[in-house]
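Here is the structure we will look at.
The values are calculated or read from the model by the stated rules, or taken from the named source; none is laboratory data. These numbers were taken from a predicted model, which means no experiment stands behind them. Don't worry about glycine lacking a Cβ; one is built from the backbone with ideal geometry, like all the others, and counts go over all protein chains shown.
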Amino acid sequence: MIDNPYRAIEHSGPGTIGWRIHHYAEVGSTQDVAEQLALDGAAHGTVVIAESQTAGHGRLGREWFSPPGVNLHATVILRPTMAPADVPVLTLVAGVAMAEAVETVAPGLPGLKWPNDLWLRGKKAGGMIAQLLSSAPTCVLLGVGINLNLTARQMPEELREIATSVLIETGRECDRVKFAATLFARLDERVRQVQQSGFAPIAPIWERYSVLKDKRITVFDGQSRHSGRVQGIDHDGALLLVEDGAVQRILAGDVTVEKIER
């Protein structure tokens with residue numbers, strides 16, 4: 001570990017997200033470090049943050065570009081009071097919390113692309129993934145990554161048309177520690193809400209940030225493809241797709257959008 005600038009925002013006690021923050025200069029993946037901490041008994045709300053990841057990964061095992069010292073790469077250990085079958089909604093819950101946090105530094109810019117992408121002006125700026133570690137009792141590793149102070153020059157050329165950062169879109173650097181405090185506070189509130197009331201009260205908030213509403217998309221779930229117009233999401237977080245006049249309920253898949261307005 002190195003000097004931990006995030007220690008200043010640790011607060012409350014076990015059970016509050018951000019009560020304990022482990023900070024590293026470089027790790028393979030914050031998910032892997034958090035998994036070991038969880039197996040060793042780390043409490044709900046424990047966070048792992050790394051300045052750089054050499055093997056950062058997102059959904060479907062995709063590599064996450066993680067240069068050192070500019071963005072936020074974190075994994076939150078959750079021990080929620082919910083059934084393992086309901087864990088996927090935590091990805092959507094995290095999306096809402098992330099969008100709300102980004103609103104404080106980039107008002108009016110964040111959008112959400114189902115199931116786990118944060119967008120700014122039609123380009124990807126972050127993502128979130130909920131990984132079920134165990135089911136008795138339920139333990140979840142919630143990985144979040146967001147491009148905060150990544151410059152256009154640092155961005156690999158092959159990503160410049162599809163990825164962006166808060167700095168690129170606003171022209172202003174973001175205080176990463178302050179942003180993390182805001183994100184963890186919003187996430188703590190939303191996770192408590194979904195445990196108490198389910199996802200239904202949060203679904204309309206997710207919908208307000210959606211960049212897919214009424215867009216034509218194709219969803220591939222690894223076996224079959226569905227194409228149609230997005231109607232929205234339901235109270236369980238499933239994507240509602242109008243295909244050939246019928247509404248299809250999509251639980252998981254990789255989304256390709258015909259066109260997202262910028």
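Taking the numbered list (1) aromatic (Phe, Trp, Tyr); (2) at pLDDT 95 or above; (3) over 24 Å from THR218 (Cα atoms) in turn, PHE65 passes all entries but (2).
Residue-wise test of (1) of a type in the set (Phe, Trp, Tyr); (2) assigned by TED's automatic domain parsing to the domain that holds GLY127; (3) in a helix (DSSP H, G or I); (4) surrounded by fewer than 19 Cβ atoms within 10 Å (Cβ to Cβ).
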| site | (1), (2), (3), (4) |
| --- | --- |
| PHE179 | yes, yes, yes, no |
| ARG190 | no, yes, yes, no |
| VAL242 | no, no, no, yes |
| GLN248 | no, no, no, yes |
| ALA252 | no, no, no, yes |
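Residue count for region 216-229 under the criterion of being touching a residue at least 24 places away in the same chain (Cβ under 8 Å) and either hydroxyl-bearing (Ser, Thr, Tyr) or surrounded by 13 or more Cβ atoms within 10 Å (Cβ to Cβ) (or both): the result is 6. Scanning region 199-213 for residues that are surrounded by fewer than 18 Cβ atoms within 10 Å (Cβ to Cβ) and either among the small types (Gly, Ala, Ser) or at pLDDT below 95 (or both) yields a total of 2. Looking at region 78-90, can you tell me whether even one residue there is out of contact with any Asp or Glu (no Cβ under 6 Å at 6 or more places or on another chain), in contact (Cβ under 8 Å) with a residue 12 or more places away in the chain, in a strand (DSSP E or B) and within 22 Å of ALA43 (Cα to Cα)? For region 78-90, residues out of contact with any Asp or Glu (no Cβ under 6 Å at 6 or more places or on another chain), in contact (Cβ under 8 Å) with a residue 12 or more places away in the chain, in a strand (DSSP E or B) and within 22 Å of ALA43 (Cα to Cα): present.
Look through region 117-155, keep the residues that are buried (at least 21 other Cβ atoms within 10 Å of the Cβ) and in a loop (DSSP other than H, G, I, E, B), and return whichever of them is nearest to the chain's Cα centre (by Cα). The selected residue is ASN147. For GLU157, indicate whether it is free of Cβ contacts under 8 Å to residues at least 12 places away in the same chain and of a type in the set (D, E, K, R). So GLU157 passes the test.
Output the residue which, of all residues in region 230-240 that are surrounded by 14 or more Cβ atoms within 10 Å (Cβ to Cβ) and not aliphatic (A, V, I, L, M), is nearest to GLU207 (Cα to Cα). Only one residue fits best here, namely GLY232.
Here THR256 passes the criteria (1) modelled with pLDDT of 95 or more; (2) loosely packed, with under 14 Cβ neighbours inside 10 Å; (3) part of a strand (DSSP E or B) except the one numbered (1).
Any chance region 9-24 includes a residue that's surrounded by fewer than 22 Cβ atoms within 10 Å (Cβ to Cβ), at pLDDT 95 or above and of a type in the set (A, V, I, L, M)? Yes; the residues of region 9-24 include at least one that is surrounded by fewer than 22 Cβ atoms within 10 Å (Cβ to Cβ), at pLDDT 95 or above and of a type in the set (A, V, I, L, M).
The residue that is nearest to the chain's Cα centre (by Cα), among those in region 203-235 that are within 17 Å of LEU251 (Cα to Cα) and hydrophobic (A, V, I, L, M, F, W, C), is TRP206.
Looking at ALA50, ALA38, can you tell me which residue is small (Gly, Ala, Ser) and touching a residue at least 40 places away in the same chain (Cβ under 8 Å)? Going through ALA50, ALA38 in turn, just one is small (Gly, Ala, Ser) and touching a residue at least 40 places away in the same chain (Cβ under 8 Å): ALA38.
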